[in-house]
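Report on the structure given below.
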Amino acid sequence: MRFGYRGSVLEVELDQRDSRVTDLPEEDAGRFIGGSGLNAWLLYQSLRPSTRATDPDNPLVFGAGPLVGTSFPTSARSTFTALSPLTGVFGDSNGGGLFGVQVKRAGYDHMVIRGASDRPCYLTVAPNGNCKIEDASDLWGEDTLETERILKKKYPKAVVASIGPAGENLVRYASIQFERNAHSFSRAGMGAVMGSKNLKAIVVHGGGGIPVKNPEETGRISEAIKQAAKECAFPKLFTRYGTPMFINLLESLGLVYGENWRRRIEHSDITSLDIAAFHDAAESKSHGCYRCPLRCGKHWRIRQGPHAGEEGFKYEVAFIMTLGMSLGLRDVPSILHIVNKLNRMGIDVNEFAGTLGMATDAYQKGVLSRDATDGFSFDWGNAEAYASIIDWISERRGFGGILAEGTKRAAVEIGGGAEDYALHMKGMHWPAHSAPPFVLAFSLSTRGGDFLKAMPYLLMQSTNKEVCRKLFGASSETMDIYSHEAKGRAVWWHENYKLLLDSLGVCFYLGLSLLPHGRLLPEELAVAYRGVTGIDVDGKTLLKAAESSNQIQRAINACQGMDRKNDAFTRRPEQDSWAQGIDLDLPGMLDEYYAYRGLSRTGLPTTERLRSAGLQDLAVDLGEKGLLDCCLEADEDCFPDSIIKNPKPEDLGRSIKARIQDKVRKRVMAKLSEDPLTYREHFRKQGCKRRKRRKNRNG
Ligand code: SF4
């Protein structure tokens, strides 16, 4: 494989302090594309039935897809995959920046790191198999910023990804951080997998460029997508405000809950944390990953108060929802300060907030005493306590050792009813967006509760109806986010699309910004793939490859004992709290998804779908393990050949209504990007209108 792909896998045996370069199997690259998709297959092949997540034989697999490092916009995304120490099942984490680009430049599409070193070490990755395992005893105990600073002194041109004390101490939701903590592989505890291998850091020296088969064709499609990002209304808004802009939209839809998801959030709750509040609290300028026209990152500096002058690189909607809404922190500087500290220690922000949300609830209800928390007062919004406990968690000191286990396990250890307040899917915390299609998506996510796997975000705006109808046959019922009807197909399509982006190495936010405008469709991605690799495929073939990759992820989970009972969520006992009234067993939810995914009613893979996806080898293997079931009988023809819709850009949004909607949307969004206060006011009014409409409808 000479174009797009580098054709090589770097295999590292840490216990033998050895590495070798093997060929990337061409057939597998064709079946799973690369990146996240092929990672899952590499993991599946390496796992033994007895492997547990923090065992040395849990391989840490890395993948950067065929578009990574090319001129295609946002071709920066790469993925670490392993059994997750947090959930015990399939886990992966996707990141941007330059890390994946440099691995590709060094000549590798994937890395598979096995075993454990007998002492702290770091890995240097360089072209032509020149990789070394170096001693890291002096670095052990250092935080991620300091580790990077020390290693950059020695290797000024390299990209350094490292773990902090949390990863070293096997905090189950430890992250891998890089580029001054502007980027990370945060979710699913990939940092703890590195820690279990005594691997403190990976230092990557890039090499030359990535050979591209057809530079003209690649240049043309890259330019067209860049142009679309410049001209379309939504990407502009995204560039101006970054992901925090979504909090206003979500609140206007009535989807956000607070205090460990006990009560619905109001407009007044978010005004101290939204983009207008952020602009008041911090100076900021945009930054972005490799080849990104959106540049959604924010390099900020706090203006005043106890944290004045502190700098960092991230402010995300997820932080507002979890640290802000769930833990009750109501000022931007406190959140920025806590995020910085978590990044330095190498801890996933979202799982931290979920675990502390559960602990705070338990403390408030008297399940936890002050003695049991080692003197910490967990009151909603107690920024000091939340900031201080980070060190205890990182070192697994006292009560911090319990919290280091994550939301679900910590609640079991605390006992006394704390489990009632541990909100998670498959052991990973993410209960936000309280509406049927989103809760379904998070519950189905193969890595556990998460919005970055299958969230059907196109359903959030009714103006996307035409695009949704053409992409996955959405009906009016599908577009109603408050109903349970016809949601499985939307989740299934979004899951495949996201997996396709993660496999190619393209950013989800580019898709999120352009799909409403009928751009960055699978068909356009196929043009880019063909231009880069010379392999002639269409969008439908790419979506089928994503379908195959998802089957592998589900197969890994089936081997760990997961089935329908684990495609579920936990909820609080109170009547009006998060996700009350949502039922995954209603028609249009789980069963509809299983039908589209070709799973059995028990949520297990089926021979029929594995065969139609070209995964006969997997079917044989799972059959021998007794993990295959019969296909769910669907009312309609749900198999990939007939159901994977593959419209071209010119087929989308062509109706007069859609064109008028586009123009109106462009005008409105241009106005909204003028200043954050106008933006805030727009969504306040939208929220009022929506509430009035619902009230009238319900009499
Ligand atoms: S949109 Fe944001 S996260 Fe995605 S590639 Fe661009 S800068 Fe990175």
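Can you pick out the pairs among K298/K365; K226/K465; K341/K685; K152/K341; K152/K200 whose Cα atoms lie more than 26 Å from each other?
Correct reply: K298/K365; K341/K685.
Just need log10 I(q)/I(0) for region 8-204 at q = 0.10, 0.12 Å⁻¹, Debye formula, equal scatterers on the alpha-carbon atoms, no solvent, rounded to two decimals.
-0.34, -0.50
Could you please rank W380, W430, placing first whichever residue has the fewest other Cβ atoms within 10 Å of its Cβ?
Listed from fewest to most nearby Cβ atoms, that is W380, W430.
Rounded to whole Hz and in sequence order, give me ³J(HN,Hα) for region 146-155 from the Karplus expression 6.51 cos²θ - 1.76 cosθ + 1.60, θ = phi - 60°, writing x for Gly and Pro.
Running phi through 6.51 cos²θ - 1.76 cosθ + 1.60 with θ = phi - 60° gives 5, 4, 5, 4, 5, 6, 5, 5, 7, 10 Hz.
Hey, rough spin-label estimate for I656 and Q227, points 7 angstrom out along Cα→Cβ, what's it come to in nanometres?
Placing both labels 7 Å beyond Cα along the Cβ direction yields 2.8 nm.
Which distance in Å, rounded to a whole number, links the C-alpha centroids of region 222-288 and region 581-622?
Each part reduced to its Cα centre gives a spacing of 35 Å.
Only helical DSSP H runs with n ≥ 4 go in: add -39500 (n - 2.57) per run for the chain, normalise by residue count and round the 222 nm mean residue ellipticity to 500 deg cm²/dmol.
-12500 deg cm²/dmol
Lys/Arg Cβ at +1, Asp/Glu Cβ at -1, dipole of the chain taken about the Cα centre: which of L123, Q227, Y363 is farthest positive-ward?
Value: Q227.
So how far apart, in nm, are the two label points at S46 and K540 if each is 7 Å from Cα heading toward Cβ?
3.6
Taking the Cα centre of the chain as origin, sum charge times position over the Cβ atoms of Lys and Arg (+1) and Asp and Glu (-1), and report the length of that vector in debye to the nearest 20.
Magnitude of the dipole: close to 2380 debye.
To make sure I understand, if each residue's beta carbon is the centre and we count other beta carbons within 10 Å, what order do F378, F185, F90, F451 fall in, fewest to most?
Result, fewest neighbours first: F451, F378, F185, F90.
For the charge dipole of region 8-204, defined by +1 on Lys and Arg C-beta atoms and -1 on Asp and Glu C-beta atoms about the Cα centroid, which residue among V12, N58, S93 has the Cα displaced farthest towards the positive pole?
Among V12, N58, S93, the one farthest towards the positive end of the dipole of region 8-204 is S93.
When the dipole is taken about the Cα centre of region 517-571, and only Lys, Arg (+1) and Asp, Glu (-1) are charged at their Cβ, what size is it in debye, to the nearest 20?
Using only the charged Cβ atoms, the result is roughly 280 debye.
Along the positive direction of the dipole of the chain (beta-carbon charges: Lys, Arg +1; Asp, Glu -1; about the Cα centre), which of I656, Y44, A387 reaches farthest?
Positive-end residue among those listed: I656.
Multiply the residue separation of D28 and V620 by 0.36 nm, subtract the distance between their alpha-carbon atoms, and state the gained length in nm to one decimal.
Going from the current span to full extension adds 211.4 nm.
Arranged by the count of other C-beta atoms within 10 angstrom, fewest first, what order do V620, V212 take?
V620, V212
Using every Cα-Cα pair within the chain, state what percent have a distance larger than 38 Å.
Across the chain, Cα pairs with separations above 38 Å total 30 percent.
Is there a quick way to get the dipole size of region 656-697? I mean about its Cα centre, with the Cβ of Lys and Arg at +1 and of Asp and Glu at -1; what is the value in debye to the nearest 20?
The calculated dipole for region 656-697 is roughly 520 debye.
Once you place label points 7 Å from the Cα toward the Cβ at E681 and S272, how far apart are they in nm?
2.4
Assuming R0 = 51 Å, can you tell me the calculated FRET efficiency for the pair D576 and N128, based on Cβ-Cβ distance, to the nearest 0.05?
Once rounded, the FRET efficiency stands at 0.25.
Extent of region 19-65 along each principal axis, from alpha carbon coordinates, in Å, largest to smallest?
30, 22, 16
Given 4 °C and 1.567 mPa s, how large is the Stokes-Einstein diffusion coefficient of region 656-697 in µm²/s, with Rh as the Kirkwood radius over Cα pairs?
D, rounded to a whole number, is 111 µm²/s.
Every number in this text was worked out from the coordinates using simple rules, so none of it is lab data. Just so you know, these numbers come straight off a predicted model, no measurement behind them. Cβ: placed from backbone, ideal geometry, glycine included. Neighbour counts: every protein chain shown.
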